[in-house]
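The values are calculated or read from the model by the stated rules, or taken from the named source; none is laboratory data. Remember, predicted model here, so these are calculated numbers, not experimental data. Here the Cβ positions follow ideal geometry from the backbone for every residue, glycine too, while neighbour counts run over all protein chains shown. Surface accessibility is based on the protein's heavy atoms, side chains included, excluding ligands, DNA and RNA. Shrake-Rupley method; radii C 1.70, N 1.55, O 1.52, S 1.80 Å.
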Amino acid sequence: MTAQSLYEKVWKAHTVSTLSNGKTQLFIGSHLIHEVTSPQAFGMLRDMNLPVKYPERTFATVDHIVPTDKRVEPFDDPLADAMIKELRKNCEANNITMFDIDSGKQGIVHMVGPEQGITQPGTTIACGDSHTSTHGAFGAIAFGIGTSQVRDVLATQTMSMDKMKVRRINVDGQLGPGVYAKDVILHIIKLLGVKGGLGYAYEYAGEVFDRMSMEERMTVCNMSIEGGARCGYVNPDETTFEYLQGRPYAPKGEDWDAAVTRWRAYASDPGCHYDDVVNIDAAEIEPSVTWGINPGQGIFINERIPSVEGSADHDKEAVAQALAHMKFTGGEPIKGKRIDVAFFGSCTNGRLSDFVEVAKFLKGHKVAAHVKAIAVPGSQIVGKLCTEMGIDQVFKDAGFEWREAGCSMCLAMNPDKLIGDQLSASSSNRNFIGRQGSPTGRTILMSPVMVAAAAVTGEVSDAREVFGVGQAVSA
Amino acid sequence: MALATINHISGTGVYIPGDDIDTDRIIPARYLKCVTFDDLAEGLFADVRFDTEGVQKDHPLNEARFEKATIMLSNSNFGCGSSREHAPQAIYRAGFRTIIAESFAEIFFGNAITLGMPCVEASRADIEMIGATLEQNPATEITIDIENERVTVGDKTINVKVKPSAKQALLEGKWDPIQELLEHSDAISQTAQTLGYVSQAIPAS
Ligand code: SF4
């Protein structure tokens, strides 16, 4: 048999039919839903009088609109309250498992899938959320879908889709100290551009990804969509299996062994065809920050903000617009920009290892007096583990507000918002205009350790200098 | 439920210049707090059309001369960012029936086609030409011919690209795939069985 990529194999295995328009009808192994993009889909099902075909293959949680401070219901915001009630009603009426607030397992949908072991290699995963690419870390083909497709998946467990091309991105060599998974993906997006991935699935490979933990791989895959790639994946390996073993929805006993054999076979075959290959040397990557209004507008911490004059012709307009919104001047350093808010959380960097890593450095430091710093675990499970390990206390002692699990200020659909043109150092994934709740608000994306450094100094900083990061830091 | 076939679309246009116009900009997150799509039109480009006090800013969509536009023009990677179908829904509910841009983000593209709102690709030069024409005469009639992948603007005709699967879906009235997906119930069960990780479906009642 000819060598095939994981994408190719998963696609084939999940192909149900070819539709009359030439698209593929693809079977969706696991479907995740949340309160924002599902209510209309259930409404459409009701209008069409259709049942949910495989209720046991859909899982729900509530993340975008939940308050992270006051968790008393009804929520102060009546619209948010209506949305959570609607989700509960829909799940109950259709026998769908929901990881609700009282379950102790609630969290950002892209945290919950992996934590529960629902996210598995060689499967297809869809969710009405573009960061579904996160689940690709397990060697799944996982992608965001619109609400009409949520309807399609609920009604048929399939959807109509065009096959993508596959671009392999090799990152080999050794990352420098204080350089994290977040820096790797910000660098990739900067190199290939925010539309570089249109039409592609990204396969992340090479020594750096091989060495990464599952949580680091999730950080990378999470932001595939910011590079225009609807899905991104890492081939499953021992790290993947180790993470999954014993999780609630992972296969048990003999089934486990059979599953591992099946999963292993999905990994890309050596010598398989890629539509494109990109090679990156890990050593060239430095701690990265964004300076503009899309995730591709990034620089290394010690670089200067691009100027309109210095930019290519086709970029000038975008650079000018970004500088105007950010209130930055081209040519000045980004280091030293005074921040107002430090946001630590989101489905990119709200995992246990993120908190453990930051806590290591934050101990003994204090958040600058003018900075509002909030730490939001991505899931209740992460929050609980942090409490058990005393990590929440490290954050509280430093002056961070310690919150309950949710999306929070990543998109500010809950009460956590920037005010006016506040500048935010954020561990999230999008710096779009208005993303953090204020139309004039400004966001700088960076790794969690860099967010902590900015919180402590009150300005955009090189965490390697602030914390003396350098010795005991993993890839 | 037979769907309309979509081939020729005519109307006037409005040009919203810019690359990488993301879905947060098309519809800010606060407008997503809803359980139906009914009232989304008011949120369309809200934060670039109005300041924090609700006062109108300079924006093509605020100009009376473009009020009747049903064709939206923009530049590359239109609709990038979140998967929110609220974005094309807001555009559709504000009266638009076609978007012409240099390129589209994938999830947005799929969402728009499923609503029966074609997204066609044109070169930057042609889009700027149409923009300039509209600037001079906002009432210029624009006609999109999906089958022949052509757009006529006043007396000029340009070539555009329509993704093959979208083209076929629009021309055959199959832009919403649900019926066809439902028809393949047996094939679905078969795939589920061969996959080895999907348990039996609960029989549809
Ligand atoms: S944390 Fe942010 S990016 Fe992730 S699902 Fe929530 S809103 Fe979306």
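So, restricting to strands (runs of 3 or more DSSP E) that lie completely within the range A:258-329, which ones have at least 1 residues that are among the polar types (S, T, N, Q)?
Strands (runs of 3 or more DSSP E) meeting the threshold: A:276-281, A:288-290.
I'm trying to understand the selection: among the residues of the range B:53-101, which are touching a residue at least 40 places away in the same chain (Cβ under 8 Å), within 14 Å of another protein chain (Cβ to nearest Cβ) and within 20 Å of residue B:9 (Cβ to Cβ)?
The answer is B:74, B:78, B:79, B:87, B:89, B:90, B:91, B:93.
Find the residue count for the range A:1-43, including only residues that are within 19 Å of residue A:83 (Cβ to Cβ) and surrounded by fewer than 20 Cβ atoms within 10 Å (Cβ to Cβ).
1
Regarding residue B:82, is this residue among the hydroxyl-bearing types (Ser, Thr, Tyr) and open to solvent by less than 20 Å² (accessible area, probe 1.4 Å)?
Numbers: among the hydroxyl-bearing types (Ser, Thr, Tyr): yes; open to solvent by less than 20 Å² (accessible area, probe 1.4 Å): yes.
In short, yes.
Is there a residue in the range A:41-55 that is β-branched (Val, Ile, Thr) and either within 16 Å of the ligand (Cβ to nearest atom) or more than 9 Å from chain B (Cβ to nearest Cβ) (or both)?
Looking for residues that are β-branched (Val, Ile, Thr) and either within 16 Å of the ligand (Cβ to nearest atom) or more than 9 Å from chain B (Cβ to nearest Cβ) (or both), one finds none in the range A:41-55, hence no.
Any idea how many residues of the range A:73-104 are away from chain B (no Cβ under 11 Å) and within 16 Å of the ligand (Cβ to nearest atom)?
Qualifying residue count, the range A:73-104: 2.
So that you can scan it fast, the table gives a plain yes or no per residue for (1) open to solvent by 80 Å² or more (accessible area, probe 1.4 Å); (2) over 30 Å from residue B:12 (Cα atoms):
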| site | (1), (2) |
| --- | --- |
| B:153 | no, no |
| B:156 | yes, no |
| B:160 | no, no |
| B:164 | yes, no |
| B:171 | no, no |
| B:175 | no, no |
| B:181 | no, yes |
| B:185 | no, yes |
| B:194 | yes, yes |
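What number of residues within the range B:37-57 satisfy the criterion of being open to solvent by 30 Å² or more (accessible area, probe 1.4 Å), in a loop (DSSP other than H, G, I, E, B) and in contact with a helix residue (DSSP H, G or I) (Cβ under 9 Å, 6 or more places away or on another chain)?
3
Would you pick out the residues in the range A:411-446 that are touching an Asp or Glu at 6+ places or on another chain (Cβ under 8 Å), away from the ligand (no atom under 11 Å from the Cβ) and of a type in the set (Gly, Ala, Ser)?
A:424, A:434, A:437, A:438, A:441
So if I check each of A:230, A:211, which one is within 18 Å of the chain's Cα centre (by Cα) and among the basic types (Lys, Arg)? Spell out how you get there, then give the answer.
Values: A:211 fails: within 18 Å of the chain's Cα centre (by Cα).
Result: A:230 is the single residue among A:230, A:211 that is within 18 Å of the chain's Cα centre (by Cα) and among the basic types (Lys, Arg).
Take the residues in the range A:138-147 that are at the interface with chain B (Cβ under 9 Å from one of its Cβ atoms) and more than 18 Å from residue A:16 (Cβ to Cβ); name whichever of them is surrounded by the fewest Cβ atoms within 10 Å (Cβ to Cβ).
Going through the qualifying residues, I end up with A:144.
Give me the pairs: first residue in the range A:244-258 and closer than 11 Å to residue A:115 by Cβ, second residue surrounded by 15 or more Cβ atoms within 10 Å (Cβ to Cβ) and of a type in the set (Lys, Arg), beta-carbon distance under 9 Å, and six or more apart or on different chains, which are they?
Between residues of the range A:244-258 that are closer than 11 Å to residue A:115 by Cβ and residues that are surrounded by 15 or more Cβ atoms within 10 Å (Cβ to Cβ) and of a type in the set (Lys, Arg), the close pairs are A:248/A:105.
Exactly one of (1) closer than 26 Å to residue A:347 by Cβ; (2) out of contact with any helix residue (DSSP H, G or I) (no Cβ under 6 Å at 6 or more places or on another chain) is unmet by residue A:2. Its number?
(1)
Which one is farthest from residue A:257 (Cα to Cα), of the residues in the range A:108-134 that are more than 10 Å from the ligand (Cβ to nearest atom), open to solvent by less than 10 Å² (accessible area, probe 1.4 Å) and out of contact with any Leu (no Cβ under 9 Å at 6 or more places or on another chain)?
A:133
When only residues in the range A:114-134 that are away from chain B (no Cβ under 11 Å) and touching a helix residue (DSSP H, G or I) at 6+ places or on another chain (Cβ under 6 Å) count, which is farthest from residue B:29 (Cα to Cα)?
Going through the qualifying residues, I end up with A:117.
If you take the residues in the range A:343-374 that are among the aliphatic types (A, V, I, L, M) and not in a helix (DSSP H, G or I), which one is farthest from the ligand (Cβ to nearest atom)?
The residue in question is A:369.
What is the number of the single condition among (1) open to solvent by 20 Å² or more (accessible area, probe 1.4 Å); (2) farther than 30 Å from residue B:19 by Cα that residue A:200 does not meet?
The failed condition is (2).
Kindly evaluate residue A:394 against the criterion of being open to solvent by less than 50 Å² (accessible area, probe 1.4 Å) and either at pLDDT below 95 or under 21 Å from residue A:339 (Cβ atoms) (or both).
Answer is yes for this residue.
So in the range A:402-421, with the set limited to residues that are without any contact (Cβ under 8 Å) to a residue 60 or more places away in the chain and closer than 15 Å to residue A:345 by Cβ, which one is least open to solvent (accessible area, probe 1.4 Å)?
It comes out as A:412.
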